[in-house]
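Sharing a structure with you now.
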Amino acid sequence: MIRFCMDIDREILDTPVPGTYGSVMATLRHMIDSEMSYLFRLTGAWGKHPWQAGEPVNLDMLLERTGILGDAFAAYLATGLDLERRGEARGDRGEVFSVPAGVFITQIFHHANLHRSHVCTQLSVQGIQPPDFSAWDYAIETGRSTLDRSEPRSIAE
């Protein structure tokens with residue numbers, strides 16, 4: 001999503017769209033901030049954000065951080081996962097919760113899907129057709145899914 005946004009005018013990326021998280025830039029930053037937080041809760045990495053609250057960030061910074069996060073998540077997932085290992089989460093009013101790792105992992109996917117949908121809406125409303133980010137397209141693009149054969153199907157199938 002960040003790479004796709006690289007060629008889009010910054011004014012469009014900074015325009016908030018009602019019914020979504022805010023602007024594309026605010027949403028992308030929020031997604032990266034959240035993933036850093038989830039990773040910290042799973043692994044103890046990155047107890048401190050690389051930028052301060054309110055500090056402007058650009059797409060290059062976000063893209064760099066996604067590469068680091070991707071490598072860190074891959075390393076974490078390559079370990080023997082203990083989905084019941086407890087981590088700490090905080091509520092909006094200062095509550096502290098004990099949460100199993102499996103819930104954090106589920107939240108990572110849910111949160112990313114929710115906000116990718118927001119970004120697609122933000123772009124669509126402003127006249128830009130977003131790319132398809134389905135798991136099927138990802139699998140084809142990365143070579144994880146390959147065409148074995150092509151067979152016509154009947155309508156009944």
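The values are calculated or read from the model by the stated rules, or taken from the named source; none is laboratory data. Computed from a prediction, not measured in an experiment: that's the story for all the values here. Here Cβ is always computed from backbone atoms with ideal geometry, including for glycine, and neighbour counts include all displayed protein chains.
Could you count how many residues in segment 132-157 are of a type in the set (D, E, K, R), surrounded by 12 or more Cβ atoms within 10 Å (Cβ to Cβ) and more than 29 Å from GLY22 (Cα to Cα)?
0
Using beta carbons and a limit of 7 Å, which pairs, at least six apart or on different chains, have the first residue in segment 65-78 and among the hydroxyl-bearing types (Ser, Thr, Tyr) and the second one assigned to a helix (DSSP H, G or I)?
Between residues of segment 65-78 that are among the hydroxyl-bearing types (Ser, Thr, Tyr) and residues that are assigned to a helix (DSSP H, G or I), the close pairs are THR66/ILE2; THR66/ILE32; TYR76/LEU42; TYR76/THR43.
What's the number of the condition ALA53 fails, among (1) surrounded by fewer than 13 Cβ atoms within 10 Å (Cβ to Cβ); (2) farther than 17 Å from SER117 by Cα; (3) at pLDDT 90 or above?
(3)
Sticking with this one: Hey, among GLY80, GLY87, which residue is modelled with pLDDT under 90 and surrounded by fewer than 16 Cβ atoms within 10 Å (Cβ to Cβ)?
The unique qualifying residue is GLY80.
Name the single residue that is nearest to GLY80 (Cα to Cα) among those in segment 11-46 being at pLDDT 95 or above and charged (D, E, K, R).
ASP14
Next question, about the same structure. Restricting attention to segment 15-40, and to residues there that are surrounded by fewer than 17 Cβ atoms within 10 Å (Cβ to Cβ) and part of a loop (DSSP other than H, G, I, E, B), which single residue is nearest to the chain's Cα centre (by Cα)?
Among residues in segment 15-40 that are surrounded by fewer than 17 Cβ atoms within 10 Å (Cβ to Cβ) and part of a loop (DSSP other than H, G, I, E, B), the one nearest to the chain's Cα centre (by Cα) is GLY22.
Additional query: Which pairs have Cβ atoms under 7 Å, sit 6 or more apart or on different chains, and link a residue in segment 3-19 that is under 12 Å from ASN58 (Cα atoms) to one that is assigned to a loop (DSSP other than H, G, I, E, B)?
LEU13/SER23; ASP14/SER23
Of the residues in segment 115-135, how many are among the hydrophobic types (A, V, I, L, M, F, W, C) and either in contact with a Phe, Trp or Tyr (Cβ under 8 Å, 6 or more places away or on another chain) or under 21 Å from LEU77 (Cβ atoms) (or both)?
Of the residues in segment 115-135, 3 are among the hydrophobic types (A, V, I, L, M, F, W, C) and either in contact with a Phe, Trp or Tyr (Cβ under 8 Å, 6 or more places away or on another chain) or under 21 Å from LEU77 (Cβ atoms) (or both).
Restricting to segment 90-116, name every residue that is surrounded by 15 or more Cβ atoms within 10 Å (Cβ to Cβ) and either of a type in the set (S, T, N, Q) or within 15 Å of the chain's Cα centre (by Cα) (or both).
Those that are surrounded by 15 or more Cβ atoms within 10 Å (Cβ to Cβ) and either of a type in the set (S, T, N, Q) or within 15 Å of the chain's Cα centre (by Cα) (or both): PHE104, ILE105, GLN107, ILE108, HIS111, ALA112, HIS115, ARG116.
Only one of these is in contact with a Leu (Cβ under 9 Å, 6 or more places away or on another chain) and surrounded by 10 or more Cβ atoms within 10 Å (Cβ to Cβ): GLN122, GLN129. Name it.
Among GLN122, GLN129, only GLN122 is in contact with a Leu (Cβ under 9 Å, 6 or more places away or on another chain) and surrounded by 10 or more Cβ atoms within 10 Å (Cβ to Cβ).
Please work out which one of (1) more than 30 Å from VAL125 (Cα to Cα); (2) without any contact (Cβ under 8 Å) to a residue 12 or more places away in the chain; (3) assigned to a loop (DSSP other than H, G, I, E, B) is the condition ALA45 fails and give its number.
All conditions pass for ALA45, except number (2).
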